[in-house]
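Q: Just passing along the structure, written as structure tokens.
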Amino acid sequence: MVPLISLNNGVRIPQLGFGVFQVPEDQVAGAVTTAIEAGYRSIDTAAAYRNESGVGDAIAGVPDLFITTKLWNSDQGYDSTLRAFDESMRRLRRDVLDLYLIHWPTPQRNLYTETWRAFEKLYADGRVRAIGVSNFHTPHLQRLFDEFPTTPAVNQIELHPLLQQEEMRKVHVTHRIVTEAWSPLAQGALLGRVEITGLAEKYGKTPAQIVLRWHIQLGNVVIPKSVTPYRIKENIDIFDFELAPDDMTVIAELDNGTRTGPDPDRFNVA
Ligand SMILES: NC(=O)c1ccc[n+]([C@@H]2O[C@H](COP(=O)([O-])OP(=O)(O)OC[C@H]3O[C@@H](n4cnc5c(N)ncnc54)[C@H](OP(=O)(O)O)[C@@H]3O)[C@@H](O)[C@H]2O)c1
């Protein structure tokens, strides 16, 4: 049901996955199980979400999953990255991870190149099937292009109709990096906009389905989060309709640069 997108090393990622940011450890296994039952095969977590163990409970023994986790800022650096990876894998109870991301560049700390060197080792050792980054802007990506043989497979960035990231999407296409959209629903903030509710009425879909369908048609990988079973099911039920070009334009016109999260150039928390 969910299309697969090829990464630059041939590994394939489901175009729609399930995000678990802000889902407490004691609720996450239930939410992930509901998602798997609804047809999701890709789960996006992070060491910083403090719910990798619960995700591990839900995915144990389930075949054909694509699991992403992320290295937190305080673990950047060569040796600390290798240690943090082992800890994430212990919590997730995986032998091989599908996708490992540097969560934020934290540019003032200037550790992301050392971190990428460790990511390349994990990849070369077969511990992870693909390596990528998150929240990287062009200058951060450029240092990796200049200093390393491996181009990130994915850049996971904040992206939704209020923050459409056209420039970053162009950079990604040039370098064969897949664009993965975090907070694809702007954490719900845009679902009441008349442009979105009008399209929902026109297509007989919900506002969230309209926004997620827009992402799919742009070519983004998308990872909506919900702890509400009917929404979890609704968010994957978007492959039976198509937005017309004029309606894609209606959504394109909502771009106003609004972020729900921090600006990666200034976020240096460890
Ligand atoms: N790399 C990064 O730095 C980064 C940063 C943020 C997020 N992420 C990833 O991206 C994922 C998604 O982002 P997000 O969690 O920030 O926000 P989101 O997916 O844009 O929105 C989640 C919010 O929307 C609500 N919602 C979900 N489906 C809905 C529907 N069909 N109708 C109405 N409301 C709905 C959810 O409510 P309920 O849960 O109450 O149903 C929740 O409050 C995260 O879980 C995480 O995996 C990555």
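The values are calculated or read from the model by the stated rules, or taken from the named source; none is laboratory data. Just so it is clear, the structure is predicted and the values come from calculations on it, not from any experiment. FYI the Cβ positions are ideal-geometry reconstructions off the backbone, even for glycines, and counts take in every protein chain you see.
Q: Looking only at region 198-217, count how many residues are under 22 Å from the mean Cα position of the chain (by Cα), away from the ligand (no atom under 12 Å from the Cβ) and of a type in the set (A, V, I, L, M, F, W, C).
A: 2
Q: Can you name every one of the strands (runs of 3 or more DSSP E) wholly within region 126-202 that holds 2 or more residues which are of a type in the set (Gly, Ala, Ser) and under 22 Å from residue 43 (Cα atoms)?
A: 128-134
Q: Return the total of residues in region 243-263 being exposed (fewer than 13 other Cβ atoms within 10 Å of the Cβ) and either without any contact (Cβ under 8 Å) to a residue 40 or more places away in the chain or touching a Cys at 6+ places or on another chain (Cβ under 7 Å) (or both).
A: The total comes to 5.
Q: Please verify whether residue 34 is of a type outside the set (Asp, Glu), farther than 21 Å from residue 226 by Cβ, modelled with pLDDT of 95 or more and within 12 Å of the ligand (Cβ to nearest atom), treating the condition exactly as stated.
A: So residue 34 does not fit the description; no.
This table checks each residue for (1) more than 21 Å from residue 144 (Cα to Cα); (2) more than 19 Å from the chain's Cα centre (by Cα).
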{"residue": "24", "(1), (2)": "yes, no"}
{"residue": "31", "(1), (2)": "yes, no"}
{"residue": "63", "(1), (2)": "yes, yes"}
{"residue": "69", "(1), (2)": "no, no"}
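Q: Continuing with the same structure: I'd like the full set of residues that are within 20 Å of residue 222 (Cα to Cα) and away from the ligand (no atom under 16 Å from the Cβ), limited to region 39-95.
A: Scanning region 39-95 gives a single hit, 64.
Q: Ok, one more. What are the pairs, 6+ residues apart or on separate chains, where a residue within region 218-229 that is more than 6 Å from the ligand (Cβ to nearest atom) has its Cβ under 8 Å from a residue that is part of a loop (DSSP other than H, G, I, E, B)?
A: Pairs found: 220/15; 220/159; 220/184; 221/15; 221/17; 222/15; 222/17; 222/184.
Q: Filter region 35-67 for residues that are in contact with a helix residue (DSSP H, G or I) (Cβ under 8 Å, 6 or more places away or on another chain), small (Gly, Ala, Ser) and within 19 Å of residue 5 (Cα to Cα) and give the result.
A: Hit for region 35-67 is 39, nothing else.
Q: On the given criteria, is residue 189 near the ligand (Cβ under 9 Å from one of its atoms), at pLDDT below 95 and within 20 Å of the chain's Cα centre (by Cα)?
A: Yes; evaluated as a whole, the condition is true for this residue.
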